[in-house]
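Have a look at the structure below, then the notes.
The values are calculated or read from the model by the stated rules, or taken from the named source; none is laboratory data. Bear in mind that the values here come from a model prediction, so they are computed numbers and not experimental data. In this analysis, Cβ positions are derived from the backbone assuming ideal geometry, glycine residues included, and neighbour counts consider all displayed protein chains. Ligands, DNA and RNA are excluded from the accessible area calculation, which covers all protein heavy atoms including side chains. Shrake-Rupley method; radii C 1.70, N 1.55, O 1.52, S 1.80 Å.
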Amino acid sequence: MTPHLAVTTAPDTIASDPDIIGATDTTLATEVQPLTEHAVVAVVGLGYVGLPTAIAMAGAGCEIVGIDTSPARLQTIRAGEAELLDSELEDLRTHLAGGRFVLTERIEALDAADLVLICVPTPIDERRLPDPAILQGACAEVVRHARPGQTLVLTSTTYVGCTRELLVAPLAERGLRVGEDVCVAFAPERIDPGVPGHEQLQTPRVIGGVSETCFRRAAELLRHTCAHLHRVSSPEAAEMVKLYENTFRAVNIALAFEIAEACRVHGLEPIEVTDGAASKPYGFMAHYPSAGVGGHCIAVDPHYLLHPLRERGRPASVAEEALRTIAGRPRHIAWRAHEVLVELGLRLTDARVLLVGVSYKPGVTDTREAPAVEILARLRAEGAHVDYHDPLVPELALDGELLHSVEPDPRRDAGGFGPEDYDLAILATVHPGEDYDYGWLRRCPAVLDCTYRTPGGRRRFLP
């Protein structure tokens, strides 16, 4: 079911009628309307953003061409093993069986598309500098295959000015007039993997078109992926919106880490203090401490804001310091584990440690940028014997070695190490749901609770 479209506009932009997506004359409204009726939509990049977006567009009646350069990823999708909400998995199976959802590695499939969504990753390198190579390559291919009548929408989080640099300017070099021959817009993704309450269709979406026509055509496409569109005046404004969102989160998470440390100094529970502050109905947004920040957004995206500013001699000092705090969080947890072991009368090299949870957040299998992985690597490098337990991550590649999740619950595996056999359990990620029972934690001699919420252990310590 396609949600009713509502459009809001930023100040000083043209007001929009929800029924015609901002059109000011009926001719253009009629021109835009057929876009999604039997349209062919190419989605470039079928990761945690592209795949749910493709599913939403397929539900609106579009024919989908899903393009990904990874054969393994395409096989995972075909097998129904992609990380999606249950409702999305069911819809995916239906669309694939219906023959109107095609998966391919061939970028030439762009030739058939009326609408193109670019949803590729924008990582950072080992120096924490933006690495837009994947995005640059994808945009170059989209431009190379672009034809009159297409609408191109970039959704990947990137630096301000990227849409014009990687799409608008190269299209002009090909002789394609943006806003007349081809339409271009930027509409950043807002997907929270593994959280049903934040599903795509219930989350507003920001959109900035290069021109009025670009906005209207892109909005007609994207109205099928959300319940509400918020219009801003340009692609650059939309690009900055996304960077602001995740930099805001990063700054406040870093502050939550500092408040948690202050609470420990005073013998207070950080969650109690945060919940108390959150009872204020205005001027406060709760952010909670944890083992660190992982995934592909909060610890990554702000660098696409900060690096260009540094190059221009305009560093954003508050955000810079926040990212340093976030980057140092796993190191702090490893140091705190060492401190707890000393308090228990143990040396790190003699200790047997269990790390609980290595995915970057509860309820997902993704370990990219996961703080637990760095904690695990640091403790092992310092000589500790460290096992890990994560029911969603049965195997983990670390420094060329393949590690396997252990089962410390004697009710499930009586032949392995039990809770009593570990000197310290470090709780990094605890998965929700009845399928995951962590009652065995009560039998651990000591627990370092980086969730700040999970009771357990004969002795409980906070980071």
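Is region 75-91 home to any residue that is farther than 30 Å from residue 302 by Cβ, loosely packed, with under 14 Cβ neighbours inside 10 Å and among the hydroxyl-bearing types (Ser, Thr, Tyr)? Yes, there is a match, as at least one residue in region 75-91 is farther than 30 Å from residue 302 by Cβ, loosely packed, with under 14 Cβ neighbours inside 10 Å and among the hydroxyl-bearing types (Ser, Thr, Tyr). Answer yes or no: is there a residue in region 389-406 that is hydrophobic (A, V, I, L, M, F, W, C), open to solvent by 40 Å² or more (accessible area, probe 1.4 Å), more than 30 Å from the chain's Cα centre (by Cα) and over 23 Å from residue 288 (Cβ atoms). No, every residue in region 389-406 fails to be hydrophobic (A, V, I, L, M, F, W, C), open to solvent by 40 Å² or more (accessible area, probe 1.4 Å), more than 30 Å from the chain's Cα centre (by Cα) and over 23 Å from residue 288 (Cβ atoms).
Conditions (1) in a helix (DSSP H, G or I); (2) under 22 Å from residue 375 (Cα atoms); (3) without any contact (Cβ under 8 Å) to a residue 24 or more places away in the chain, marked per residue:
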| position | (1), (2), (3) |
| --- | --- |
| 250 | yes, yes, no |
| 253 | yes, yes, no |
| 256 | yes, yes, no |
| 264 | yes, yes, no |
| 291 | no, yes, no |
| 314 | no, no, yes |
| 323 | yes, yes, no |
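Report whether or not residue 117 is aliphatic (A, V, I, L, M) and either within 28 Å of residue 304 (Cα to Cα) or without any contact (Cβ under 8 Å) to a residue 24 or more places away in the chain (or both). It is true that residue 117 is aliphatic (A, V, I, L, M) and either within 28 Å of residue 304 (Cα to Cα) or without any contact (Cβ under 8 Å) to a residue 24 or more places away in the chain (or both).
Checking each residue of region 104-114 against the condition of being of a type in the set (S, T, N, Q) and modelled with pLDDT under 90 gives no match.
Only one entry in 141, 165, 180, 189 is among the charged types (D, E, K, R), crowded, with 20+ Cβ neighbours inside 10 Å, out of contact with any His (no Cβ under 8 Å at 6 or more places or on another chain) and not in a strand (DSSP E or B), namely 189. Candidates 368, 352, 336: the one that is modelled with pLDDT under 95, touching a Phe, Trp or Tyr at 6+ places or on another chain (Cβ under 9 Å) and among the basic types (Lys, Arg) is 368.
If I filter region 382-400 for residues that are among the β-branched types (Val, Ile, Thr) and within 17 Å of residue 419 (Cα to Cα), do I get at least one hit? Break it down stepwise before answering.
Step one: list which residues in region 382-400 are among the β-branched types (Val, Ile, Thr), which gives 386, 393.
Then drop every residue that is not within 17 Å of residue 419 (Cα to Cα), which leaves 386.
Yes, region 382-400 contains a residue that is among the β-branched types (Val, Ile, Thr) and within 17 Å of residue 419 (Cα to Cα).
Pairs linking a residue in region 160-174 that is on the phi > 0 side of the Ramachandran plot to a residue that is among the acidic types (Asp, Glu), with Cβ atoms under 7 Å and 6 or more positions apart or on different chains, are 161/236. Please verify whether residue 121 is closer than 27 Å to residue 159 by Cα and open to solvent by less than 30 Å² (accessible area, probe 1.4 Å), treating the condition exactly as stated. Judged against the criteria, residue 121 is not a match. Criterion first (of a type outside the set (A, V, I, L, M, F, W, C), touching a Leu at 6+ places or on another chain (Cβ under 8 Å), assigned to a helix (DSSP H, G or I) and open to solvent by less than 70 Å² (accessible area, probe 1.4 Å)) does residue 287 satisfy it? So residue 287 fails the test. Give the residues of region 96-112 that are in a helix (DSSP H, G or I) and either among the small types (Gly, Ala, Ser) or open to solvent by 60 Å² or more (accessible area, probe 1.4 Å) (or both), sorted by residue number. 97, 98, 108, 109, 111, 112, listed by residue number. Within region 430-451, if we keep just the residues that are assigned to a loop (DSSP other than H, G, I, E, B) and open to solvent by less than 10 Å² (accessible area, probe 1.4 Å), the residue that is farthest from residue 257 (Cα to Cα) turns out to be 444.
Only one residue in 415, 357, 363 is touching a residue at least 40 places away in the same chain (Cβ under 8 Å), within 22 Å of residue 441 (Cα to Cα) and out of contact with any Asp or Glu (no Cβ under 8 Å at 6 or more places or on another chain), so which one is that? So the residue among 415, 357, 363 that is touching a residue at least 40 places away in the same chain (Cβ under 8 Å), within 22 Å of residue 441 (Cα to Cα) and out of contact with any Asp or Glu (no Cβ under 8 Å at 6 or more places or on another chain) is 363. Considering only region 2-20, I want to know if a residue exists there that is surrounded by 14 or more Cβ atoms within 10 Å (Cβ to Cβ), in contact with a strand residue (DSSP E or B) (Cβ under 8 Å, 6 or more places away or on another chain), at pLDDT below 90 and within 16 Å of residue 117 (Cβ to Cβ). No, region 2-20 contains no residue that is surrounded by 14 or more Cβ atoms within 10 Å (Cβ to Cβ), in contact with a strand residue (DSSP E or B) (Cβ under 8 Å, 6 or more places away or on another chain), at pLDDT below 90 and within 16 Å of residue 117 (Cβ to Cβ).
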